[in-house]
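Read the structure below first, then the notes.
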Amino acid sequence: MADAPEVEVPKLSKKELNKLARKAKKDEKVTEKGGNQQQSASMEQEDYSKEFYGSYGLVNSSEKKELNFLRVKEINVSNATKDIWVRGRVHTIRSKGKNCFIVLRQGVYTVQIAMFMNDKISKQMLKFVSSISKESIIDVYATINKVETPIESCTQKDVELLAQQVFVVSASAPKLPLQIEDASRRAPTDEEKSKEQENQLAVVNLDTRLDNRVLDLRTATSHAIFRIQAGVCNQFRNILDAKGFIEIMAPKIISAPSEGGANVFEVSYFKGSAYLAQSPQLYKQMAIAGDFEKVYTIGPVFRAEDSNTHRHMTEFVGLDLEMAFNFHYHEVMETIAEVLTQMFKGLQEKYQDEIAAVGNQYPAEPFQFCEKPLILKYPDAIALLRENGIEIGDEDDLSTPVEKFLGKLVKEKYSTDFYVLDKFPLAVRPFYTMPDAKDKKYSNSYDMFMRGEEILSGAQRIHDADMLVERATHHQVDLAKIQSYIDAFKYGCPPHAGGGIGLERVTMLFLGLHNIRLASLFPRDPKRITP
């Protein structure tokens, strides 16, 4: 067999050899890189933080957990280096690269949470936390860390939380009908609007607030308003309890209009009809006739007035009181005025932070009052108005603009936002009001005012059955429907007087708010019965 011919291998040039060497080196790098990528992918798939983040799912009391939570307001430098659990809402969240920062809100208090990707916090955990929607409720396990530079955007300025675990308790829908930051922002003045038209930050109007009241109530301002309102009730109760008053509960479904007027809600009542109480007036009096001597009640009051003003509502909370006296109704009037001044003093002492918080969004002059309340006679008030150009009759009632103007005159002359107006014309008062003993044109009645607006209406009540029938007939009240009330005075009743205060008006005017609806949790007016 013949040998195969030898094949001559061509010689490569130096240039070609270098080219092959470069290609081999490149192929080696590609192979190495591929191996590294596979190793990196393998590491990414291994989520070493998977036990430290996630969602609880629906919390339906299926298990008990013993986690000791710390309140946000208690997170401070005295607790630095401690590991704690805290629950709150995601107020703001921002992430960039391997970092994530959350402002956690709990009521009016906020604290910053910081997260950094490391050997304990995986990329997957950081990505999960960064995707949590604002207003979601989360639990965080973290270390309290003292910071060198104060965190001005939070109430807890000297510390931050270094997160170790994050769990979603209740997730919020990603799209919010209003932003909490916008709802917390002070509306610009007319001057500010004209100067910075293009750079105006968003603010939330009143209707949008009320349509989305649950979100609006989360602002620091709303929390402060309703803490102060709770303080009004608390002060009212405590002061009257100390003076020997008894708290009573009066019915809200009644057989005849309380005030004898047309501004009443009629409701079906089995085969007949009934009314929602415009006032607990009749029942406070009946309690006095039952020898309770001093009573008060806190509860809803209903007025079917088609008034769409800044200070009227169809349902509000009444703070009502009634008191037997010895010889003169001023014994009661002066007691009520003293209760209110004590209340104002207590609010200013105990709620300084809340008053300041409301003032940040709704600036107002601090509420002023005299230690001994100012008492003006109605004829003197009419004379003061006439001196300042207001045309008004001796027996005319005060309109809202006239009330406001009178309040301005009183503030200028007496340096007080609170005063009592005594001796109203009888013609403008309810049927159960006692006429003045010396001048039948007037009555033993009074109103009390804050910042020029009425917050209390009161009077000596008629405690004689025959006189009550006469006055009720004059006001065209159906006697058959108030017979049980009239009968209460047939068996002897002490002389007495009292008054009714609107809780929301007191709150609004004490803080200098522009609308009563801001001081009502879920306001009711002629155009709003939801939410």
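Across 5 Å bins from 0, what is the distribution of all Cα-Cα pair distances for the stretch 47-195, in whole percents?
2, 9, 17, 21, 19, 15, 8, 4, 3, 2, 1, 0
Working from Cα positions, state the angle (0 to 90°, nearest 10) between the long axis of helix 220-242 and the longest principal axis of the chain.
40 degrees
Give the relative contact order (percent, whole number) for the stretch 53-170; include only Cα pairs under 8 Å separated by 6+ residues.
Working: 259 pairs, mean separation 39.1, N = 118.
Computed value for the stretch 53-170: 33 percent relative contact order.
Over the chain, with the other protein chains present, what is the accessible area per residue in square angstrom, probe 1.4 angstrom?
Solvent-accessible surface per residue comes out at 55 Å².
Identify, among 283, 409, 59, the residue whose Cα sits farthest towards the positive end of the charge dipole of the chain, taking +1 on the Cβ of Lys and Arg and -1 on the Cβ of Asp and Glu, with the dipole about the Cα centre.
In the chain, that residue is 59.
If I fit a long axis through the Cα atoms of helix 330-350 and take the longest principal axis of the Cα atoms of the chain, what angle between them do I get, 0 to 90°, rounded to 10?
On a 0 to 90 degree scale, this one is about 10.
Toward the positive end of the charge dipole of the chain, about the Cα centre and with charges on Cβ (Lys, Arg +1; Asp, Glu -1), which of 231, 321, 428 goes farthest?
So the residue furthest toward the plus end is 231.
Would you mind putting 349-355, 45-51, 64-70 in packing order, based on average other-beta-carbon counts within 10 Å, highest first?
Sorting 349-355, 45-51, 64-70 by mean packing, highest first, produces 349-355, 45-51, 64-70.
Given the peptides 466-475, 413-422, arrange them by the average over their residues of other C-beta atoms within 10 Å, most packed first.
Final packing ranking: 413-422, 466-475.
Can you tell me the dipole magnitude for the chain around its Cα centre, using point charges on the Cβ only (Lys, Arg +1; Asp, Glu -1), in Debye to the nearest 20?
2300 debye
Expressed as a whole percentage, what fraction of the accessible surface of the chain belongs to carbon and sulfur atoms when a 1.4 Å probe is rolled over the protein heavy atoms?
Carbon-and-sulfur percentage of accessible area, whole number: 51.
When the Karplus curve 6.51 cos²θ - 1.76 cosθ + 1.60 is applied with θ = phi - 60°, which whole-Hz ³J(HN,Hα) does each residue of the stretch 428-438 get, with x for Gly and Pro?
9, 10, x, 5, 8, 7, 6, x, 5, 5, 9
For the stretch 484-529 and the stretch 275-321, what is the separation of their Cα centres, given in Å?
Comparing the Cα centres of the stretch 484-529 and the stretch 275-321, I get a distance of 5 Å.
What does the net charge come to around residue 100 if you take all other residues with beta carbon closer than 10 Å to its beta carbon, with K and R at +1 and D and E at -1?
Local charge sum for residue 100: +4.
Quote the charge dipole size of the stretch 393-531 about the Cα centre in Debye, to the nearest 20; the model charges only the Cβ of Lys and Arg (+1) and of Asp and Glu (-1).
Details: 19 positive and 20 negative charges, 94 e Å.
In total the dipole reaches around 460 debye.
Tell me the mean residue ellipticity at 222 nm calculated for the chain from its helices only (DSSP H runs of n ≥ 4, each -39500 (n - 2.57), averaged over every residue, nearest 500).
Details: 15 runs with 172 residues, N = 531.
Rounded to the nearest 500, it is -10000 deg cm²/dmol.
The values are calculated or read from the model by the stated rules, or taken from the named source; none is laboratory data. The structure presented is a predicted model; accordingly, all values stated were derived computationally and were not measured. Don't worry about glycine lacking a Cβ; one is built from the backbone with ideal geometry, like all the others, and counts go over all protein chains shown. Accessible surface areas use protein heavy atoms only, side chains included; no ligands, DNA or RNA. Shrake-Rupley method; radii C 1.70, N 1.55, O 1.52, S 1.80 Å.
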